[in-house]
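*Asks:* Here's a structure for you.
The values are calculated or read from the model by the stated rules, or taken from the named source; none is laboratory data. What you see is a predicted model; the values in this text were computed from it and never measured. Every residue, glycine among them, receives a Cβ derived from its backbone with ideal geometry; neighbour counts consider all protein chains shown. For accessibility, only protein heavy atoms count, side chains too; no ligands or nucleic acids. Shrake-Rupley method; radii C 1.70, N 1.55, O 1.52, S 1.80 Å.
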Amino acid sequence: MSAQFATKRLGKELQKIRNSRLPPGIELVSAENLEEWLLDIQVLDDNPLYQNQTYRLKFRFGSTYPIEPPEVVFVKLSDRPIPMHPHIYSNGIICLDLLGQQGWSPVQNVESVCMSLQSMLTGNSKNERPPGDDDFVRANQLRPKDIEFYYHDNTV
Amino acid sequence: MPPPNTPEEGVTAPGTRPASPTLPRPSSPHLSSVIAYASRADSAVLELDYQAIEYIGHVDETLLCPVCRTPFHSPITTPCGHTFCAGCINRALEMQPSCPIDRQPINKTRDYHRLPLIVKDQLDRLKVKCPNNGCDHECLREHLEGHYERRCQFTLVRCPDTNCTKRVARRDSLPENGCMHRDICCQYCNEVMMVAELDAHYDHGCTGAVAVCSECDATVVRHRLEKHKSNDCPEAEARCKWQSAGCRVAKKRRIVREHERDGCLFEAIGRLLDERSEDRKIIDDLTGRLTTLEMRNRRREVRRERRNETAARPTNGSVSLDIVDLGLSEDGTLFAGSATDNGAWASPEDYMLAQFERMETQMDDLRKKMMEMDAHQSLNLLQHTARANEQLAELASKVGVLNMHTTWLMNMQRQNYAQQRSGSVAGPPNNGMPATSDDGAARAASENAVRRQEGNRRNSDGRGENPPRL
Ligand SMILES: [Zn+2]
Ligand SMILES: [Zn+2]
Ligand SMILES: [Zn+2]
Ligand SMILES: [Zn+2]
Ligand SMILES: [Zn+2]
Ligand SMILES: [Zn+2]
Ligand SMILES: [Zn+2]
């Protein structure tokens with residue numbers, strides 16, 4: 001039942017994207033099944049950190065979407081780097097409360113998440129990774145959702 | 001609430017009255033509704049899945065639930081003024097006890113408000129397609145449940161075999177068919193399948209004794225040839241589906257189909273006629289009820305006069321006879337049934353009382369119908385204002401969302417600032433979007449930002465849950 005709910009909602013989103021296109025700088029790469037989507041995003045202003053770059057995003061949807069957030073990471077490919085940002089680890093994991101259980105709202109959707117990420121990059125001027133990036137990436141093989149939990153725990 | 005076309009306890013036509021000595025009590029349900037109710041109870045159809053419904057034509061964005069993105073189904077409004085399907089908001093509240101749009105705290109159920117009837121009416125009047133496989137019925141959404149639950153031949157009901165727990169389409173659910181889930185061997189190609197699948201197998205996939213259509217060279221199972229020619233064959237003669245509206249087009253089916261798709265000139269008229277005949281039916285129904293009621297009323301008054309007269313003379317036996325005479329003379333056929341029943345009543349008073357009660361319920365029914373029609377009328381008048389109002393509300397909610405996003409962005413900026421200045425980066429930075437916005441300066445700034453963004457914001461994204469673009 002719930003899984004059907006997620007599937008239908010994603011179907012609606014896909015339909016809307018196909019009918020009216022995504023905002024500039026966001027492109028749907030693949031949505032072959034309703035569990036995993038790939039999108040490309042670009043930063044459209046002249047922030048020198050991200051100029052002329054395209055970044056690949058991977059969305060994974062659970063059966064509880066949109067009640068619970070999707071899992072969103074940047075993916076590294078030969079022509080798709082991981083953007084430099086103090087909230088983005090070099091393995092593509094994104095630290096954004098919008099994507100956490102607390103910050104998420106079921107009225108968000110793929111498009112609005114992409115736009116939030118765009119503006120998160122736009123507003124950044126620091127050419128750096130989160131503190132402890134090396135250790136974190138080396139030590140951590142967990143999935144993003146689990147990491148966040150571990151993460152909160154560690155900082156208290 | 002039952003769908004509007006539920007058979008109700010209506011005017012009992014005298015011919016359908018049971019011949020038993022006891023008249024049906026005014027409150028006892030009409031026979032047909034008893035049957036409908038019973039068949040509904042034991043066929044136990046699956047609940048209609050509102051998310052699976054396909055809507056015809058454009059649905060206004062304001063009628064879409066922000067959580068499931070389909071037109072609202074039994075919607076409620078939160079104290080903060082946002083509307084969701086009851087199911088959707090309940091699900092969302094299990095995760096977080098606050099409004100998904102503006103994070104205002106919500107107390108499940110207790111804080112819900114009902115939606116203005118005018119919006120409900122708009123939802124009721126959306127055009128939909130029946131979600132059942134194989135059915136191409138189209139109707140207003142308010143009528144869909146009735147169609148799905150009681151009339152659609154493709155709704156899945158229990159298998160007629162009581163030992164079987166599977167479901168079958170209603171049209172196949174005949175006791176003489178037996179269980180539709182036993183295996184059967186196709187008599188044309190020897191393939192084995194379930195009985196329920198046979199029909200679809202004949203239409204596609206059967207490789208046995210085939211015939212070739214003389215018109216289009218398609219191969220079909222032999223005994224489906226007639227059906228193919230009259231319903232599907234692209235080369236056979238067919239008529240435009242708006243022929244009742246005056247379209248004279250009658251050519252090969254594929255040309256006619258094209259003609260229909262390109263927009264038959266008579267389509268608008270045809271649709272209008274359809275609507276009119278629907279309205280006509282309702283009006284006829286109402287007029288019928290009204291005349292019956294008026295007739296009864298007149299009869300009752302005459303009878304009362306008679307009784308008052310006879311009450312003066314204490315000749316008891318003639319009373320009921322007079323009534324019978326009267327009923328027959330006034331409209332012989334209509335009243336013949338109750339004339340014989342009349343004797344079963346303990347006294348004329350009882351009978352009168354029963355009649356009176358029944359009439360009252362019928363009056364109530366009529367009044368309800370009238371009010372419904374009235375509501376439709378005023379809806380038409382008010383629709384324009386409603387739309388404007390909704391657009392205003394939509395704008396307001398967009399501004400709210402924008403506000404939320406700017407506050408969030410401002411806060412992030414401020415945090416970055418603070419971090420930069422203090423130079424100490426303690427702990428990972430994942431607590432963005434703090435809810436505090438009571439900083440006067442930040443608020444003023446964010447309001448400015450909202451104004452700025454509204455200027456250059458993309459204009460077509462409807463509900464406005466999208467964050468501002470910078
Ligand atoms: Zn909904
Ligand atoms: Zn709200
Ligand atoms: Zn149907
Ligand atoms: Zn069966
Ligand atoms: Zn066959
Ligand atoms: Zn043919
Ligand atoms: Zn035509």
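*Asks:* Tell me, which residue of the range A:71-89 that is within 14 Å of chain B (Cβ to nearest Cβ) and in a loop (DSSP other than H, G, I, E, B) is farthest from B:Thr407 (Cα to Cα)?
*Replies:* A:Tyr89
*Asks:* What residue, among those in the range B:81-118 that are open to solvent by 20 Å² or more (accessible area, probe 1.4 Å) and of a type in the set (Val, Ile, Thr), is nearest to the other protein chains (Cβ to nearest Cβ)?
*Replies:* B:Ile101
*Asks:* Do you know which residues across the range B:91-111 are in contact with a Ser or Thr (Cβ under 7 Å, 6 or more places away or on another chain), part of a loop (DSSP other than H, G, I, E, B) and not hydrophobic (A, V, I, L, M, F, W, C)?
*Replies:* Once the filter is applied, which keeps residues that are in contact with a Ser or Thr (Cβ under 7 Å, 6 or more places away or on another chain), part of a loop (DSSP other than H, G, I, E, B) and not hydrophobic (A, V, I, L, M, F, W, C), the range B:91-111 yields B:Pro100, B:Gln104, B:Asp111.
*Asks:* Going by the conditions given, is A:Glu68 assigned to a loop (DSSP other than H, G, I, E, B), more than 12 Å from every other protein chain (Cβ to nearest Cβ) and of a type in the set (Asp, Glu)? Give the steps one after another, and end with the answer.
*Replies:* Numbers: assigned to a loop (DSSP other than H, G, I, E, B): yes; more than 12 Å from every other protein chain (Cβ to nearest Cβ): no; of a type in the set (Asp, Glu): yes.
It is false that A:Glu68 is assigned to a loop (DSSP other than H, G, I, E, B), more than 12 Å from every other protein chain (Cβ to nearest Cβ) and of a type in the set (Asp, Glu).
*Asks:* Go through (1) touching a residue at least 40 places away in the same chain (Cβ under 8 Å); (2) under 22 Å from A:Gly25 (Cβ atoms) one by one and return the number of the condition A:Phe74 breaks.
*Replies:* If we test A:Phe74 against (1) touching a residue at least 40 places away in the same chain (Cβ under 8 Å); (2) under 22 Å from A:Gly25 (Cβ atoms), just (1) comes out false.
*Asks:* Could you please tell me which pairs satisfy a Cβ distance under 6 Å, a separation of 6+ or placement on different chains, a first residue in the range A:1-19 that is over 14 Å from B:Tyr50 (Cβ atoms) and open to solvent by 20 Å² or more (accessible area, probe 1.4 Å), and a second residue that is modelled with pLDDT of 85 or more and not hydrophobic (A, V, I, L, M, F, W, C)?
*Replies:* Here the result reads A:Ser2/A:Ser63; A:Ala3/A:Ser63, each pair linking the range A:1-19 to a residue that is modelled with pLDDT of 85 or more and not hydrophobic (A, V, I, L, M, F, W, C).
*Asks:* Continuing with the same structure: Considering the range B:165-187 alone, what residues qualify as being in a strand (DSSP E or B), free of Cβ contacts under 8 Å to residues at least 40 places away in the same chain, open to solvent by less than 100 Å² (accessible area, probe 1.4 Å) and not β-branched (Val, Ile, Thr)?
*Replies:* Just the residues of the range B:165-187 that are in a strand (DSSP E or B), to begin with: B:167-169, B:183-185.
With the extra rule that they be free of Cβ contacts under 8 Å to residues at least 40 places away in the same chain, the set shrinks to B:168-169, B:183-185.
Those still in the list that are open to solvent by less than 100 Å² (accessible area, probe 1.4 Å) too: B:168-169, B:184-185.
Residues satisfying the conditions are B:Ala169, B:Cys185.
*Asks:* Right, next: Could we say that B:Ala36 is more than 14 Å from every other protein chain (Cβ to nearest Cβ) and either modelled with pLDDT of 50 or more or away from ligand 1 (no atom under 16 Å from the Cβ) (or both) here? Steps first, please.
*Replies:* Numbers: more than 14 Å from every other protein chain (Cβ to nearest Cβ): yes; either modelled with pLDDT of 50 or more or away from ligand 1 (no atom under 16 Å from the Cβ) (or both): yes.
Here the answer is yes, as B:Ala36 does meet what is asked.
*Asks:* Let me ask you something else. I'm trying to understand the selection: among the residues of the range B:59-80, which are within 11 Å of chain A (Cβ to nearest Cβ) and part of a loop (DSSP other than H, G, I, E, B)?
*Replies:* B:Cys65, B:Pro66, B:Val67, B:Cys68, B:Arg69, B:Thr70, listed by residue number.
*Asks:* Within the range B:200-222, track down each residue that is without any contact (Cβ under 8 Å) to a residue 24 or more places away in the chain and under 26 Å from B:Leu156 (Cβ atoms).
*Replies:* B:Ala200, B:His201, B:Tyr202, B:Asp203, B:His204, B:Gly205, B:Cys206
*Asks:* Out of the range B:138-174, which residues are closer than 10 Å to B:Val45 by Cα and either within 16 Å of ligand 7 (Cβ to nearest atom) or of a type in the set (Asp, Glu) (or both)?
*Replies:* Result: B:Glu149, single match.
*Asks:* Considering B:Leu156, B:Leu144, which residue is more than 14 Å from chain A (Cβ to nearest Cβ), open to solvent by 60 Å² or more (accessible area, probe 1.4 Å), closer than 30 Å to B:Pro175 by Cα and modelled with pLDDT of 85 or more? Full working, then the answer.
*Replies:* Numbers: B:Leu144 fails: open to solvent by 60 Å² or more (accessible area, probe 1.4 Å).
Answer to the selection: B:Leu156.
*Asks:* In addition: Pairs needed: first member in the range A:114-137, in contact (Cβ under 8 Å) with a residue 40 or more places away in the chain; second member anywhere, of a type in the set (D, E, K, R) and open to solvent by 40 Å² or more (accessible area, probe 1.4 Å); C-beta distance under 8 Å; at least 6 residues apart or different chains.
*Replies:* Here the result reads A:Met115/B:Arg469; A:Gln118/B:Arg469; A:Thr122/A:Asp45, each pair linking the range A:114-137 to a residue that is of a type in the set (D, E, K, R) and open to solvent by 40 Å² or more (accessible area, probe 1.4 Å).
*Asks:* Among the residues that make up the range B:200-214, is at least one of them of a type in the set (Asp, Glu), open to solvent by less than 70 Å² (accessible area, probe 1.4 Å) and either within 16 Å of ligand 3 (Cβ to nearest atom) or away from chain A (no Cβ under 14 Å) (or both)? Break it down stepwise before answering.
*Replies:* Here is the first cut: in the range B:200-214, the ones of a type in the set (Asp, Glu) are B:203.
So of that shortlist, the ones also open to solvent by less than 70 Å² (accessible area, probe 1.4 Å) come out as none.
So far as the range B:200-214 goes, no, none of its residues is of a type in the set (Asp, Glu), open to solvent by less than 70 Å² (accessible area, probe 1.4 Å) and either within 16 Å of ligand 3 (Cβ to nearest atom) or away from chain A (no Cβ under 14 Å) (or both).
*Asks:* Something else now. Are any residues in the range B:251-271 in contact with a Cys (Cβ under 7 Å, 6 or more places away or on another chain) and more than 9 Å from ligand 7 (Cβ to nearest atom), and if so, which ones?
*Replies:* Matches in the range B:251-271: B:Arg253 only.
*Asks:* Looking at the range A:96-138, which of its residues are over 12 Å from the mean Cα position of the chain (by Cα) and within 7 Å of chain B (Cβ to nearest Cβ)?
*Replies:* Once the filter is applied, which keeps residues that are over 12 Å from the mean Cα position of the chain (by Cα) and within 7 Å of chain B (Cβ to nearest Cβ), the range A:96-138 yields A:Gly103, A:Ser105, A:Pro106, A:Val107, A:Gln108, A:Ser119, A:Thr122, A:Gly123, A:Pro130, A:Pro131.
*Asks:* If you don't mind, another one. What are the residues in the range B:130-164 that are away from ligand 1 (no atom under 16 Å from the Cβ) and part of a helix (DSSP H, G or I), if any?
*Replies:* B:Glu142, B:His143, B:Leu144, B:Glu145, B:Gly146, B:His147, B:Tyr148, B:Glu149, B:Arg150, B:Arg151, listed by residue number.
*Asks:* Restricting attention to the range A:52-66, which residues are in contact (Cβ under 8 Å) with a residue 60 or more places away in the chain and among the hydrophobic types (A, V, I, L, M, F, W, C)?
*Replies:* A:Leu57
*Asks:* Scan the range A:33-45 and tell me whether some residue there is within 25 Å of B:Gln96 (Cβ to Cβ), out of contact with any Cys (no Cβ under 6 Å at 6 or more places or on another chain) and part of a loop (DSSP other than H, G, I, E, B).
*Replies:* yes
*Asks:* Any idea which of B:Met180, B:Met193 is within 16 Å of ligand 4 (Cβ to nearest atom) and either under 21 Å from B:Arg150 (Cα atoms) or under 32 Å from the mean Cα position of the chain (by Cα) (or both)? First the steps, then the outcome.
*Replies:* On the way: B:Met193 fails: either under 21 Å from B:Arg150 (Cα atoms) or under 32 Å from the mean Cα position of the chain (by Cα) (or both).
Result: B:Met180 is the single residue among B:Met180, B:Met193 that is within 16 Å of ligand 4 (Cβ to nearest atom) and either under 21 Å from B:Arg150 (Cα atoms) or under 32 Å from the mean Cα position of the chain (by Cα) (or both).
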